[in-house]
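Structure first, then comments.
The values are calculated or read from the model by the stated rules, or taken from the named source; none is laboratory data. In this text the structure is predicted, and so the values were computed from the model without any measurement. Quick reminder, even Gly has a Cβ in these numbers, built from the backbone with ideal geometry, and neighbours come from all protein chains shown.
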Amino acid sequence: MTAKPRRVRVHIQNMPPPENGAEGDVPDRSADIAFRVTDERLRAAMERHPDVAAVLDATISNDLAELAAAAAEAEVVFSKTKVLRERFPVPRAPNLKWVFVTSAGVETLLPTDWLPPGAVLVNCRGTHAEKAGEFALTAILMLNARIPFFVTRQRAARWDPVFSTAARGKTVAVIGTGAMGGATAERARQAGLKVIGVNASGRPHDAVEEMFTPADLGTVLARADFVVVNVPAVPATRGLIGRDELDRMKPTAGLVNMARADVVDQDALADKLRRGELAGAVLDVFDVEPLPPDSPLWSTPNLIITPHVSCDDADTYIPNALDIFFENMSCYLDGRPMPNQIDPARGY
């Protein structure tokens, strides 16, 4: 008899659709669209990866109440960090081998002792790259053109002409040169900026002219006209850019944080901006999200706030994540290492 081909049971768990807030409110559907796996998106991904798709038995649910029953059968679960952190039924997942997370940062899921023995965590590192590079360049050019300054003056109904020079030839320091940082470096080079970088190992990157390690961070910050932070959230990066590091920056420099809030001392940054000791900043991540209405950051001068949207593309985020999932699944089926598997000891 011919043995039946191996089948892999996969369950995809979405968050429920957003509900209306106060009476008459219309919910913002953009986040729902950006992070939702639909039948159409899954079918399109299967058509792009037919060999892997042929062995998958996949289900999709938008009802969190269905997760426990699905996890009892699944070999692989695909979901958001929030669902896994708050709802995952560990004791009732006897067949689970790996969990795919639709985010690059997984710090809230570490350590992985919530997983059944032998199961591993896989992220979607890489899905953010194109949008991240585009946002980073936008932020750099806004800082160069003194847009945070003009926004502050606009709020005060003040006409204060300040003239800037072209960005070409200035220096951007990219702190963290993974997928997002690498895309930032590439876009900056294309715009004619000089790119210097910092990563944990000092390993070169094609778009970075000079690479350094964290031991050289102070020197790198002192040289930069713009600093873009893209490091993963791990113990070694917590507080990486504190008050002392900010003091090393030029008073004419600007900072962009697209990583995690605890990498940059936001209170120290706000102090520097209020005193005019930095030209401007763009923050996309915060210690508490949503940022509370009474946060002093809202009124900090020369600061642009974006609500954690810098890297997420409503059209391509989930299609890209599905492609990364299928690429890792192909490796899993072949017995090869999955490129996006998380090393809990490193945190990424």
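The residue of the range 110-144 that is farthest from H11 (Cα to Cα), among those that are in a helix (DSSP H, G or I) and touching a helix residue (DSSP H, G or I) at 6+ places or on another chain (Cβ under 6 Å), is L137. Candidates in the range 104-147 are the residues that are surrounded by fewer than 20 Cβ atoms within 10 Å (Cβ to Cβ) and among the polar types (S, T, N, Q); of these, the one that is farthest from A261 (Cα to Cα) is T112. In this structure, T213 does not satisfy being of a type in the set (S, T, N, Q), closer than 23 Å to L143 by Cα, at pLDDT 95 or above and surrounded by fewer than 15 Cβ atoms within 10 Å (Cβ to Cβ). In the condition set (1) more than 25 Å from N302 (Cα to Cα); (2) touching a residue at least 60 places away in the same chain (Cβ under 8 Å); (3) over 22 Å from the mean Cα position of the chain (by Cα), E209 is compliant with all but (2).
Taken as a whole, the range 237-248 holds no residue that is under 24 Å from D313 (Cβ atoms), surrounded by 14 or more Cβ atoms within 10 Å (Cβ to Cβ) and within 23 Å of the chain's Cα centre (by Cα). When A253, A215, A185 are checked against the criterion of being of a type in the set (A, V, I, L, M, F, W, C) and within 21 Å of the chain's Cα centre (by Cα), a single residue qualifies: A185. E73: surrounded by fewer than 22 Cβ atoms within 10 Å (Cβ to Cβ), assigned to a loop (DSSP other than H, G, I, E, B) and in contact with a Lys or Arg (Cβ under 8 Å, 6 or more places away or on another chain), yes or no? In short, yes. Just one of the listed residues (P161, P204, P148) is more than 25 Å from G276 (Cα to Cα) and either more than 17 Å from the chain's Cα centre (by Cα) or outside the structural domain of T81 (by TED's automatic domain parsing) (or both), namely P204. Residues of the range 49-70 that are under 20 Å from S103 (Cα atoms), at pLDDT below 95 and of a type in the set (A, V, I, L, M): L64, L67.
With respect to D343, determine if the residue is without any contact (Cβ under 8 Å) to a residue 60 or more places away in the chain and over 23 Å from the mean Cα position of the chain (by Cα). Against the criterion (without any contact (Cβ under 8 Å) to a residue 60 or more places away in the chain and over 23 Å from the mean Cα position of the chain (by Cα)), D343 does not qualify.
The requirement of being among the aromatic types (F, W, Y), in a loop (DSSP other than H, G, I, E, B), in contact (Cβ under 8 Å) with a residue 24 or more places away in the chain and under 21 Å from F35 (Cα atoms) is not satisfied by F325.
Restricting the first member to the range 221-244 and to residues that are among the aromatic types (F, W, Y), and the second to residues that are assigned to a strand (DSSP E or B), the beta-carbon pairs closer than 6 Å and six or more apart or on different chains are F226/V172; F226/G254. From the list V288, V309, V282, the lone residue that is surrounded by fewer than 13 Cβ atoms within 10 Å (Cβ to Cβ) and either in a helix (DSSP H, G or I) or among the β-branched types (V, I, T) (or both) is V288. Kindly establish whether A183 is aliphatic (A, V, I, L, M), buried (at least 22 other Cβ atoms within 10 Å of the Cβ) and on the phi < 0 side of the Ramachandran plot. Taking the combined requirement at face value, the residue satisfies it.
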